[in-house]
Amino acid sequence: MPKMKTKSGAKKRFRVRPGGTVKRGQAFKRHILTKKSTKNKRHLRGPTGVHETNMGHMAQMLPSAGL
């Protein structure tokens with residue numbers, strides 16, 4: 001059987017942490033920031049984890065990650 005390919009969009013957007021969780025970037029902080037409050041923008045800083053209900057999709061998109 002041929003090797004399973006990783007989704008190229010997923011490998012650019014996600015990193016697998018050593019504990020097996022997946023790190024992702026935070027959404028809603030690219031544009032139209034003037035109508036968002038300072039508190040809202042502050043809470044959107046930094047990376048966050050992928051929810052455990054979506055880990056099945058992550059395992060399909062990143063087959064070599066061992067999820």
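Structure summary
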read-out	value
Those residues of region 28-53 which are among the basic types (K, R) and part of a loop (DSSP other than H, G, I, E, B), in sequence order	K29, R30, K35, K36, R45
Exclusive hit being touching a strand residue (DSSP E or B) at 6+ places or on another chain (Cβ under 7 Å), modelled with pLDDT of 95 or more and charged (D, E, K, R), set K23, K36	K23
Region 42-65 - residue that is touching a strand residue (DSSP E or B) at 6+ places or on another chain (Cβ under 8 Å) and not aliphatic (A, V, I, L, M) and, of those, nearest to G20 (Cα to Cα)	G49
Complete set of residues in region 4-27 that are assigned to a loop (DSSP other than H, G, I, E, B), in contact with a Leu (Cβ under 6 Å, 6 or more places away or on another chain) and of a type outside the set (S, T, Y)	Q26
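Each row is one residue, and each column tells you yes or no for (1) within 10 Å of the chain's Cα centre (by Cα); (2) surrounded by 10 or more Cβ atoms within 10 Å (Cβ to Cβ).
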position: V22; (1), (2): yes, yes
position: H31; (1), (2): no, no
position: K35; (1), (2): no, no
position: K41; (1), (2): no, yes
position: P47; (1), (2): yes, yes
position: T53; (1), (2): no, no
position: A59; (1), (2): no, yes
position: P63; (1), (2): no, yes
position: G66; (1), (2): no, no
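The values are calculated or read from the model by the stated rules, or taken from the named source; none is laboratory data. None of the values given here were measured: they were computed from a predicted structure. Ideal geometry is used to build each Cβ from the backbone, glycine not excepted, and the neighbour counts take in all protein chains shown.
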